[in-house]
C-alpha cells in the first residue's frame, strides 16, 4: 500500500482524516482478530487418534504460509498456460472518478500528490466508497470474463487480485492467459468495457515469458504478497488484513486447479515436516530421499512444486449425496495410474439451510510410491478448557 501524499490544506479535510483513522482501525482490527484466534485455540485440545495436534496460531507464520501457497498456485496457473501455448495479458482497472475522494497531480518519483477534494465524489464517507468500489469491480469483472469466454470458449485461465489505493479505494489487477489467436478479441472486449463503464486510469499490456516460467506471475505477485522483511511491509500487510476483514473483500481469485489446494498442503507438509531424528524410520528415510529427488527435478525444470505434485498425481474421487434416499454417486479419475502420488478422496455433498451446496471430506488417503503419507481421521475436540489468567 503506497503512502498517501497530500497537501497540508487537504490534510485538514474530514475525508483525509477518515482515511488515516481507518488505517489505524484496520491495523488494530488485524491484531484483535489474531488475539481472539489465539484465545479460542488455547481453550481447545484436538486429538488425531491418541496424538494431540498443535493448534497454536501466529499471524506472521500464517501470512508466510499464505504467501507461499499463493505463489505456488499462481505459478502453476502460468505453467499450465505455457504448456497450452497461451499468451499472458496483464490488466489493471481503477474505478471511475466518482469513487475517489481527492484529485491528484504528478509528484516526484512517479508518486501522486493529492491536492484538493474531488467535486465528483458521490459518497458521504470513504468507507462507503471502499465497499461500493469492491462491488463495482467484481460486477465489472464478471461481465468482462463472460464476454471473453464467448470468444475463447473454455480456453482461458486467469488470476485476479483486489488491492487498496493509498486512499483505501479498491482497484483490480488481473493476469489473463488466452490462445494467441484470441488476443485481439480480448483487447476489443477490454476496450469496450472501458468505454461502457467510463473508466479513466487503466492499463493493458502483453507479458512476454521469454523462457522464464515465473516472469508473468511476478507481475501480479508483487501486488499480492509482502515479504514482511521491513517494518513498513509488516504495517502494510496488517492494514490490508484489517481492510479485507472489515469490508469483506476477497483479495484473490483464480481459475480452478486440478489439484485441490488442501491436498497440496497435505503432501507438502508430509515432506517438509519429516522428523529430524538421528535414526530415521524406513518411511522417513524414503520420504527424505524422495524430497531431494523432487527438489532437484523442480529446480532443473524450473517449475513450481504445486505443478510438480499436480502432474505426478493420480486421483480417485467419489462424490455422493448425504441424503440416504439418493444413491447417485459421481466417480472421477484423473492422472496416470503409475504416478508418484495416489489420492483416494470420498466427499459427501449436501445442502445447507439456505439451499447452498456444501461438501464434506469423509475419506482422504494419500500415498507416495505406495507409502501412506496422510489419512483423514475424525478429530476429537475438547472445548472450553480453563486457562489460567483468562
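Suppose the chain between residue 292 and residue 8 were pulled fully straight at 0.36 nm per residue; how much longer would it get relative to their current alpha carbon spacing?
96.4 nm
If R0 is taken as 30 Å, the Cβ-Cβ distance between residue 125 and residue 352 corresponds to a FRET efficiency of 0.35.
One chain, two ends: residue 344 and residue 330. Fully extended at 0.36 nm per residue, the span grows by 3.7 nm beyond their Cα-Cα distance.
Go ahead and collect, in residue order, the members of the stretch 215-256 whose backbone nitrogen is under 18 Å from a label point 7 Å along the Cα-Cβ direction of residue 139. Flagged as within label range: 248-250.
What relative contact order, as a whole-number percentage, does the chain give when Cα pairs under 8 Å and 6 or more residues apart are counted? Once normalised by length, the contact order is 20 percent.
Our estimate of slack between residue 192 and residue 255, defined as 0.36 nm per intervening residue step minus the Cα-Cα distance, is 20.3 nm.
DSSP bridge analysis restricted to the chain gives an antiparallel fraction near 85%, rounded to the nearest 5. The long axis of helix 215-224 is offset from the longest Cα principal axis of the chain by roughly 70 degrees.
Cβ crowding within 10 Å ranks 244, 45, 292 as 292, 45, 244, fewest other Cβ atoms first. Note on 319, 148: ascending count of other Cβ atoms within 10 Å places them as 319, 148, the fewest first.
Applying 1/(1 + (r/R0)^6) with R0 = 56 Å to the Cβ-Cβ distance of residue 20 and residue 150 gives a FRET efficiency near 0.80. Taking Cα atoms only, the orientation of helix 59-84 departs from the longest principal axis of the chain by about 90 degrees. Taking Cα atoms only, the orientation of helix 14-42 departs from the longest principal axis of the chain by about 10 degrees. Principal axis analysis of the Cα atoms in the chain yields extents of 70, 64, 52 Å, listed in decreasing size. Quick one: if you stick a label point 7 Å off each Cα along the C-beta vector at residue 361 and residue 281, how many nm between them? With each label placed 7 Å out from Cα toward Cβ, I get 1.9 nm.
Among 376, 171, the order by Cβ neighbours within 10 angstrom, fewest to most, reads 376, 171. Relative contact order of the stretch 20-139: 14 percent, from C-alpha pairs under 8 Å at least 6 residues apart in sequence.
Every number here is computed from the coordinates shown, using simple stated rules; none is lab data. The shown structure was predicted, so the numbers you read here are calculated from the model rather than taken from an experiment. Cβ sites come from the backbone with ideal geometry, for glycine too, and all protein chains shown count toward neighbours.
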